[in-house]
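Here the structure comes first, spelled out in structure tokens, and everything after it is commentary.
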Amino acid sequence: MDEYNRFVDWDKMDVTVQSQDIKELTCTEFQELKQLARQGYWAKNHSLRAKVYHKLINNIPCRTVTPDANVYRDIVVKIVGKRNSSSLPLPEFVDDSLVPTYCLNAEGIGAVRKIILCIANQFPDISFCPALPSVIALLLHYSKDEAECFEQVCRILACNDPSKRLIDQTFLAFESSCMTFGDLVNKYCQAAHKLMVAVSEDVLEVYSDWQRWLFGELPMVYIARVFDVFLVEGYKVLYRVALAILKFFHKVRAGQPMESDSVQRDIRAFVRDIAKSVSPERLLEKAFAIRLFSRKEIQLLQMANEKALQQKGITVKQKRQNVHLAVHAENFKSEIVSVKEMRDIWSWIPERFALCQPLLLFTTLEHGCSLSRFYSHSEGHEPTLLLIKTTAKEVCGAFLSTDWSERRRGGNKLSFFGTGECFVFRLQPEVERYEWVIIKHPELAASGSEPENHASPASNTLSFRGTPSDPSDRLSPFLSARHFNLPSKTASMFMAGSSECIIIGGGDGQALYLDADLNHGRTSHCNTFNNQPLCSESFQISVLEVWGFRDTVNG
């Protein structure tokens with residue numbers, strides 16, 4: 001331990017968790033490394049963890065010219081000079097208030113600032129990297145000197161493997177990761193998401209803190225365990241742990257009044273004091289119990305969010321768009337839902353669309369009950385939101401990810417299309433969102449081939465999945481197949497339209513049928529998880545509205 005204790009204040013460290021057993025790491029296979037990292041094999045031996053970190057980081061594929069320890073020794077005096085390191089101004093791409101001490105001694109605390117300045121000198125392309133101080137402070141624990149720590153951090157920053165995502169270094173990457181996290185919370189932490197929507201004016205502002213929970217507020221012993229796995233498995237680990245933190249926060253705080261007027265501050269305080277509620281082992285256990293999809297699908301979702309931000313010109317740091325308030329009370333008028341209800345719906349939709357404002361495209365009160373007119377007003381808009389109010393005062397609807405013009409691909413026959421981002425929901429008499437229904441043809445499911453024509457009676461094309469299956473059998477809840485050239489098996493088909501009817505599938509076996517005159521509808525459902533149907537089995541439509549999404553940035 002002696003060679004790696006230069007920057008550590010051992011009086012602040014919990015030495016009781018340090019094992020005196022000398023362990024060696026001889027395995028090189030990924031699966032074995034992954035298991036050892038998750039189990040904390042090297043977590044209780046300071047020296048062993050240092051050696052493992054060096055081995056893992058040195059195996060990161062990097063740019064041909066990556067600054068090393070010798071570069072640091074050459075530039076540190078020129079950049080820092082004789083100034084007191086504690087007073088050194090930090091570059092704008094880090095948050096000066098988020099420089100953790102992590103049980104470092106005075107020399108270590110000063111070294112963090114010096115290394116940050118030298119990295120800024122060597123990486124002029126970094127424009128936003130709030131996690132950097134935390135990574136440096138952590139790696140100083142396992143470095144013999146500043147130069148060695150600098151070299152390790154540079155290798156992480158200079159990774160050139162396109163399949164490996166490590167640390168966000170631009171505002172675009174950071175902001176899209178926040179949107180991706182919001183999408184994941186919306187899907188996998190629905191109870192926590194519901195609480196966030198209820199107590200926060202801007203839920204996206206809460207989720208923009210997700211990296212701060214890990215790289216800033218999380219105690220040293222916890223972030224070290226997370227970093228163990230992160231170096232082996234990559235960026236998706238961070239999403240998992242942040243989701244687990246939110247789940248535990250909801251479990252501990254549900255039903256209790258918040259300690260401040262800001263849920264952001266409440267979560268930060270919870271994370272700082274997480275040892276009172278959750279052990280590091282329990283946190284990781286919860287994180288890896290979450291049934292997430294593959295790294296590939298998370299990457300595609302990140303790409304979709306980055307593309308949405310780029311199209312809106314949001315590539316540099318600026319005041320965050322207040323998404324919930326995008327539904328402005330003075331500009332919004334619906335005969336079916338209130339502003340509050342529309343904001344609730346907005347909290348369910350994918351983050352890249354939540355940057356937009358609702359735009360009324362069609363209403364039966366103004367445009368009549370013609371299905372052809374419904375199509376003509378809705379086509380050319382993707383996505384759209386369908387709202388229905390029945391004569392019995394029930395309110396339901398659907399988020400539809402795909403342009404209705406796609407129905408023409410089947411000619412005059414009933415054709416299914418849409419993606420797994422679609423869902424149906426009920427607002428009155430009670431709020432409920434339904435997902436995970438898959439509408440597809442049995443013959444296509446067997447072949448897995450790209451469908452040319454989904455023509456078949458509705459009775460043998462609707463296949464409702466009410467019982468959870470192996471996650472690998474589930475289809476993507478995020479992405480449009482045609483946007484990313486994915487095979488058909490990665491897209492759920494939720495929408496069907498012809499000149500005679502509309503069929504929309506939702507979750508828990510919920511499906512919505514609308515007749516050609518848009519006056520009458522019916523529902524079909526399979527009560528597996530939820531005993532409440534979408535609305536009456538057969539209903540009369542009082543008002544039907546279709547809403548589009550208007551770009552609030554580019555107009």
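Computed 3J(HN,Hα) for the range 91-100, one whole-Hz value per residue from the Karplus formula 6.51 cos²θ - 1.76 cosθ + 1.60 where θ = phi - 60°, is x, 5, 6, 10, 8, 4, 7, 10, 10, x, glycine and proline marked x.
Applied to the range 124-132, the Karplus parametrisation 6.51 cos²θ - 1.76 cosθ + 1.60 on θ = phi - 60° returns per-residue 3J(HN,Hα) values of x, 7, 6, 10, 7, 8, x, 7, 4 Hz, with x for Gly and Pro. Hey, if you drop one equal point scatterer on each alpha-carbon of the range 330-381 and run the Debye formula without solvent, what base-10 log of I(q)/I(0) do you get at q = 0.12 Å⁻¹? Scattering profile of the range 330-381, log10 relative to I(0): -0.34.
Checking the a/c ratio against 1.5 first, then a/b against b/c, what shape does the Cα gyration tensor give for the range 121-216? List each step's numbers first, then the result.
Values: a/c = 2.65, a/b = 2.11, b/c = 1.26.
The shape class here is prolate.
Its Kirkwood hydrodynamic radius, worked out from the mean inverse distance over all distinct Cα pairs, puts the range 60-180 at 14.7 Å. Partner aspartates and glutamates whose Cα lies under 19 Å from the Cα of LYS340, excluding those fewer than 8 positions away in the same chain, are identified as GLU201, ASP202, GLU205, GLU330, GLU351, GLU394, GLU430, GLU432, GLU545.
Residue separation of CYS501 and SER86 scaled by 0.36 nm, minus their Cα-Cα distance, works out to 142.4 nm of gained length.
Rounded if a/c is under 1.5, else prolate if a/b beats b/c, else oblate: with a ≥ b ≥ c from the C-alpha gyration tensor eigenvalues square-rooted, which is the range 199-267? Judged from the Cα gyration tensor, the range 199-267 comes out prolate (a/c at least 1.5, a/b above b/c). Solvent exposure of HIS377, expressed as accessible area, is near 60 Å², computed with a probe of 1.4 Å over the protein chains only.
Computed extension gain for THR26 through GLN310, at 0.36 nm per residue and net of the alpha carbon distance, reaches 97.8 nm.
How much area per residue is accessible in the range 200-303 when the probe is 1.4 Å and only protein heavy atoms are counted (Å²)? It would help to have the intermediate numbers written out before the result.
Details: 3850 Å² over 104 residues.
With all protein chains present, the range 200-303 gives 37 Å² per residue.
Protection proxy ranking for 29-40, 337-348, using the average of other Cβ atoms within 10 Å per residue and placing the highest first: 337-348, 29-40.
Taking amide hydrogens as placed 1.01 Å from N in the peptide plane, the amide H of GLU351 sits under 5 Å from those of ASP183, each at least 5 positions away in sequence or on another chain. Model label points for ASN331 and THR101, set 7 angstrom from Cα along the Cα-to-Cβ axis, are 4.7 nm apart.
The values are calculated or read from the model by the stated rules, or taken from the named source; none is laboratory data. Remember, it's a predicted structure, so these values are computed and weren't measured experimentally. Neighbour counts are summed over all protein chains in view; Cβ atoms, including those assigned to glycine, are modelled from backbone coordinates with ideal geometry. Note: areas computed on protein heavy atoms with side chains; ligands, DNA, RNA excluded. Shrake-Rupley method; radii C 1.70, N 1.55, O 1.52, S 1.80 Å.
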